Amino acid sequence: MTIELGHFALILAFVLAIVQTGVGFAFWRGSGLAERFVNQAAILQFALVGFAFAALTQAFAADDFSLRLAVEHSHSLQPMIYKLTSVWGNHEGSMLLFVLILVLFGAAVAAFGRSLPADLKTLVLSSQGLMVAAFSGFVLFTSNPFWRLDPAPFEGTELNPVLQDLGLAIHPPLLYLGYVGFSICFSFAVAALISGRIDAAWARWVRPWTLASWAFLTLGIAMGSYWAYYELGWGGWWFWDPVENASFMPWLSGTALLHSAIVMEKRNALRIWTVFLAIITFSLSLLGTFLVRSGILTSVHSFASDPTRGMVILTMLALFIGGAFALFALRASALRSGGLFAPISREGALILNNLFLSAATAGVLVGTLYPLLLEALTGARITVGAPFFDVTFGALMVPLLLLVPFGPFLAWKRGDLGAVTQRLLAAIIITVVLSLLVFGFLGFPLTLAPIGLAIGIWVMAGAIADLADRAAFGRTAWRQSLSRLRGLPRTAWSTAIAHFGLGVTVIGVVCASAFQTEIVTSMRPGETAQIAGYSISYQGEEEVSGPNYVAERGTFWIDAPFFWRDRAVTSERRIYPASGTPTTEAGIRTYGFSQMYVQFGERFGEGGRVVRLWHKPFVLLIWLGAVIMAGGGFFSLTDRRMRIGAPAPARRKAKPVGAGQ
């Protein structure tokens, strides 16, 4: 009965979204009744879709195998955490999660957008309601998760074993909070184009939602990267897979949007470009949804295989993106460009930032879509691999990273590059000294790796220098500087934190890419292999059983000259009897920010095993930097100015009788 109630709640949410859209767009001009209706409708939709999602979750938790989705993607022997993650470990459930995040952000605007003008808020919620209607309709008519089976089987076929991991419990919700969250920015852009309300106040209203979505997406991408790294057993942290790119492209354009909104808020400039980026960012999110859910990609992330669903998603994508850009084309010519500024200024630096990020987004987009379009048009199959992306993306990111520390030091409207360089002198000296030390420690190699490390150090040093300069260290007494440091706005802290995290990630990427060591060998019990100065001995194997799998577990001892000695690490080859699917669970031993990665392979000869070993120096810095960046974003949201919105104009006080006489 709960399933039927959940189904009915989703139908009600679908109907309510249609009514909300119609009422909002029809009566957005000065109708207080329409504003109250769309406001309450947005909150009620969240309650209805939340109930529908809870009903589906309860069916999975209770092993209700009369539900077709539970039969196809769950099993009674799965641990409870994986029964719950099975809810979104499939096409239908993941699309319901998509709708849940849509209504969550709509309800958040309704509940916390009190400072928004009534007409703008009505249009934002109406735009959001239109998307809720489209995607809830898609779920109901093409991807219904509530279908029953009669008769019901006694057992299910289980979730894809590769997805039975704690990372899947975290990764998809974070990812959806990110790129589905950009729907609010899209709705703000549509509302602004319809109402003509595009100014600095609009940028202040949209910026917190952009920041929250960007921070969640940063965490989601990082979690997905780390999950693939340790779960898939291939030892890589990024493969430029089209599904990975589908989430990375909105992150790049969202980063550009975040910086562009700052210029619009502070200087009332880049108005047309900021609205364009708000549309583009969510359009890329919709494109990613199409790539993952249409079935045109074969990936562990991809669930749908029905071409009908793909055509429906493609149609919705064309309508939303095409409609938004048609509206943009009609209204953009009537918009004024905003304030003027010199090329060397903070505005100029942020525009340069946008150009590099936009070009990087375009490069990833071309590399992702070109093979698909070529196959669709000619039938020829090609692969655009990591070398293309590494060269294209790297060539754009290097100059951008070099310029990052200069931006916060430049003045608005007109800056002095020479003066900024002098203020960054301490950071330059620190970067040069540390880079030379690292270069010497590595033996002065003729590679690009030391340059990459120097760039990472430069970005980190620039972030610290920004805080030190704001606190006037070296220009005032230490106690006074510390007091000023504590009193800095949280947005200033968050900028420095995010840039520092970016530098940490750069160092992690360089170290993991340039200095990792890998060997593939065969080992018998008692034999030892040498890698990166460590001795790894194979102790033997044993049969073990899990809650829903059986496994062969190999045990290894690692003898390290530093940090720790004689530490055990295990790696497994599992078989899940319900589906007969094999998986490999890598053995990972962490010391400091580095890791030793062991993969227990297939049998070789008599009593031997193929063993793959990786030593990955400072690999954890990749994900630590992403967490620091996201932390900077969330910390900025705690700034009161991010919550109160644009200031309302003060009322002019009436002159008292006789005043001025």
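The values are calculated or read from the model by the stated rules, or taken from the named source; none is laboratory data. All values reported here derive from a predicted model rather than from experimental measurement. Note that we place each Cβ from the backbone using ideal geometry, even for glycine, and neighbour counts take in every protein chain shown.
Being among the β-branched types (Val, Ile, Thr) and within 21 Å of GLU585 (Cβ to Cβ) is a property that VAL459 lacks. Considering only the range 318-327, state which residues are within 26 Å of the chain's Cα centre (by Cα) and among the hydrophobic types (A, V, I, L, M, F, W, C). ALA318, LEU319, PHE320, ILE321, ALA324, PHE325 - these are the residues of the range 318-327 that are within 26 Å of the chain's Cα centre (by Cα) and among the hydrophobic types (A, V, I, L, M, F, W, C).
Looking across ILE3, ILE81, ILE11, one residue alone is crowded, with 18+ Cβ neighbours inside 10 Å and either assigned by TED's automatic domain parsing to the domain that holds LEU130 or touching a residue at least 40 places away in the same chain (Cβ under 8 Å) (or both). It is ILE3.
Scanning the range 391-402 for residues that are within 23 Å of PRO250 (Cβ to Cβ) and either among the hydroxyl-bearing types (Ser, Thr, Tyr) or without any contact (Cβ under 8 Å) to a residue 60 or more places away in the chain (or both) yields VAL391, THR392, PHE393, GLY394, ALA395, LEU396, MET397, VAL398, PRO399, LEU400. Total residues in the range 14-46 satisfying the condition of being out of contact with any Leu (no Cβ under 6 Å at 6 or more places or on another chain), β-branched (Val, Ile, Thr) and either in contact (Cβ under 8 Å) with a residue 12 or more places away in the chain or outside the structural domain of ALA118 (by TED's automatic domain parsing) (or both): the figure is 4. For beta carbons closer than 7 Å, sequence separation of 6+ or different chains, a first residue in the range 455-483 that is farther than 17 Å from ALA496 by Cβ and a second that is buried (at least 22 other Cβ atoms within 10 Å of the Cβ), the qualifying pairs are ILE455/VAL506.
To keep it simple, each residue is scored yes or no on (1) assigned by TED's automatic domain parsing to the domain that holds GLY508; (2) touching a strand residue (DSSP E or B) at 6+ places or on another chain (Cβ under 8 Å); (3) not in a helix (DSSP H, G or I).
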site: VAL384; (1), (2), (3): no, no, yes
site: PHE393; (1), (2), (3): no, no, no
site: VAL404; (1), (2), (3): no, no, no
site: GLY415; (1), (2), (3): no, no, yes
site: LEU436; (1), (2), (3): yes, no, no
site: ILE451; (1), (2), (3): yes, no, no
site: GLY456; (1), (2), (3): yes, no, no
site: ALA465; (1), (2), (3): yes, no, no
site: ASP469; (1), (2), (3): yes, no, no
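Which one of GLU72, GLU92 is in contact with a helix residue (DSSP H, G or I) (Cβ under 6 Å, 6 or more places away or on another chain), assigned to a helix (DSSP H, G or I) and over 28 Å from ARG36 (Cβ atoms)? The match here is GLU92. In the set PHE604, PHE600, PHE618, only one residue is closer than 16 Å to GLU527 by Cβ, crowded, with 21+ Cβ neighbours inside 10 Å and among the aromatic types (Phe, Trp, Tyr); that residue is PHE600. With ALA134, ALA200 as the choices, which residue is among the hydrophobic types (A, V, I, L, M, F, W, C), in the same structural domain as ALA9 (by TED's automatic domain parsing) and touching a residue at least 24 places away in the same chain (Cβ under 8 Å)? None of the other options fit; the residue is ALA134.
The set of residues in the range 573-593 that are touching a strand residue (DSSP E or B) at 6+ places or on another chain (Cβ under 9 Å) and in a loop (DSSP other than H, G, I, E, B) comprises PRO577, ALA586.
Selection within the range 84-121: residues that are buried (at least 20 other Cβ atoms within 10 Å of the Cβ) and among the aromatic types (Phe, Trp, Tyr). The member of this set that is nearest to GLN40 (Cα to Cα) is PHE105.
Answer yes or no: is there a residue in the range 220-243 that is within 25 Å of LEU352 (Cβ to Cβ), buried (at least 24 other Cβ atoms within 10 Å of the Cβ) and not polar (S, T, N, Q). Yes, some residue in the range 220-243 is within 25 Å of LEU352 (Cβ to Cβ), buried (at least 24 other Cβ atoms within 10 Å of the Cβ) and not polar (S, T, N, Q). Against the conditions (1) surrounded by fewer than 19 Cβ atoms within 10 Å (Cβ to Cβ); (2) under 24 Å from PHE51 (Cα atoms), PHE135 satisfies every one except (1). Do we find a residue being crowded, with 20+ Cβ neighbours inside 10 Å, of a type in the set (Gly, Ala, Ser) and touching a strand residue (DSSP E or B) at 6+ places or on another chain (Cβ under 8 Å) anywhere in the range 56-77? Looking for residues that are crowded, with 20+ Cβ neighbours inside 10 Å, of a type in the set (Gly, Ala, Ser) and touching a strand residue (DSSP E or B) at 6+ places or on another chain (Cβ under 8 Å), one finds at least one in the range 56-77, hence yes. Quick one: in the range 57-68, of everything that is farther than 12 Å from GLU4 by Cβ and assigned to a helix (DSSP H, G or I), which residue is nearest to the chain's Cα centre (by Cα)? Of everything passing the filter in the range 57-68, THR57 is nearest to the chain's Cα centre (by Cα).
Looking across the range 521-550, the residues that are within 19 Å of PRO582 (Cβ to Cβ) and assigned to a strand (DSSP E or B) come down to GLU541, GLU542, GLU543, VAL544, SER545, VAL550. Considering each residue of the range 31-38 in turn, at least one proves to be surrounded by 15 or more Cβ atoms within 10 Å (Cβ to Cβ), assigned to a loop (DSSP other than H, G, I, E, B), modelled with pLDDT under 95 and at negative phi.
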